[in-house]
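The values are calculated or read from the model by the stated rules, or taken from the named source; none is laboratory data. In this text the structure is predicted, and so the values were computed from the model without any measurement. Quick reminder, even Gly has a Cβ in these numbers, built from the backbone with ideal geometry, and neighbours come from all protein chains shown. All accessible areas refer to the heavy atoms of the entire protein, side chains included, with ligands and DNA or RNA removed. Shrake-Rupley method; radii C 1.70, N 1.55, O 1.52, S 1.80 Å.
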Amino acid sequence: MTSHSVKTLLPPDKAGSLPRAAMILRSIARGSRKGSLLTEIIARESLPRTTVVRTLAALIELGWVSKDDASGRFNLGKELAALGYSAIARNALEKVAESELRLLADKLGQVVYLSVRAGLDIVCVGRYESKSQIQIGRGDPGLRGPFGMTQSCLGIMAHMPEKEVYDIVETNMSRYHRVEGFDETGFRRSVKEAMQNGYGTFDNITLDRTTSGIGIAIIDPDGLPVAAIGTTFLTGWLTEAQRQSCIQQIQATACTIEGLLFNL
């Protein structure tokens, strides 16, 4: 598609077709994996119906959004997925981290994840499986959710200013409560402990309450978190000594990645 045709589809008015398109793409990304109904997108973004319909039509023509005619649901399109995979493949973080995280997964005998923050969301950009027959965890590359709801989020929060953390928590709280089995009291305790400990632990506060997790941030030279390494295991699977060993191994891997990434 030429740049001229893109401009025709997305006229650059100040209020902006492009910002609106970005809002709608994020809305679909935050919705169900089955896709989002038109009414759901309108409700989430508080945009006029005609604006959403017009923008969706443009995004479908670009291949960035697809529509299931049977269900009427919209989802992210293959062309957008291709752009995303290209971005990940060219990202220095994922390139540097991949071999180290594969080694870590084998050492731990657990699935290991690499995640990055995207505003009020967390995005999984890498999943590395061990040789173990038991693989705990549901995250896959591209999975997106509210920032705060994984052990990796807590690992990142552990290195953020306290006010910023709690501002995000309050903003996202209604989204957290949409997660099955969410325990607000346990969650707030985990956030507080993460900021005290410098790493995140996630124990029995969502879903089936049988899993726990550990999240360790990857830090830039200014002390700011750029990503996080996370792992999930069955609650009670590790003794306290094994859990501490797991934390130390993830921390060591994070330090190695930091050295490679920032030439430390």
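Kindly establish whether Val226 is surrounded by fewer than 19 Cβ atoms within 10 Å (Cβ to Cβ), assigned to a strand (DSSP E or B) and either basic (Lys, Arg) or under 20 Å from the mean Cα position of the chain (by Cα) (or both).
Working: surrounded by fewer than 19 Cβ atoms within 10 Å (Cβ to Cβ): yes; assigned to a strand (DSSP E or B): yes; either basic (Lys, Arg) or under 20 Å from the mean Cα position of the chain (by Cα) (or both): yes.
The answer is yes for Val226.
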Given the options Ala194, Ala241, name the one that is closer than 23 Å to Leu104 by Cβ, small (Gly, Ala, Ser) and buried (at least 16 other Cβ atoms within 10 Å of the Cβ).
Ala194
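Look through region 199-223, keep the residues that are among the charged types (D, E, K, R) and surrounded by fewer than 12 Cβ atoms within 10 Å (Cβ to Cβ), and return whichever of them is modelled with the lowest pLDDT.
From region 199-223, those among the charged types (D, E, K, R) are 203, 208-209, 220, 222; that's our starting set.
Then drop every residue that is not surrounded by fewer than 12 Cβ atoms within 10 Å (Cβ to Cβ), which leaves 208, 222.
Details: Asp208: 54, Asp222: 90.
Step by step, filter region 199-223, then rank; the result is Asp208.
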Which of (1) part of a helix (DSSP H, G or I); (2) crowded, with 20+ Cβ neighbours inside 10 Å; (3) modelled with pLDDT of 95 or more; (4) of a type outside the set (S, T, N, Q) is the odd one out, the single condition Cys255 does not satisfy?
(2)
So Gly181 fits all but one of (1) at negative phi; (2) open to solvent by less than 50 Å² (accessible area, probe 1.4 Å); what number is the exception?
(1)
Would you say Leu234 is touching a residue at least 40 places away in the same chain (Cβ under 8 Å), over 30 Å from Ala92 (Cα atoms) and open to solvent by 60 Å² or more (accessible area, probe 1.4 Å)?
yes
Taking region 15-31, which residues are without any contact (Cβ under 8 Å) to a residue 12 or more places away in the chain and open to solvent by 40 Å² or more (accessible area, probe 1.4 Å)?
Ala15, Leu18, Pro19
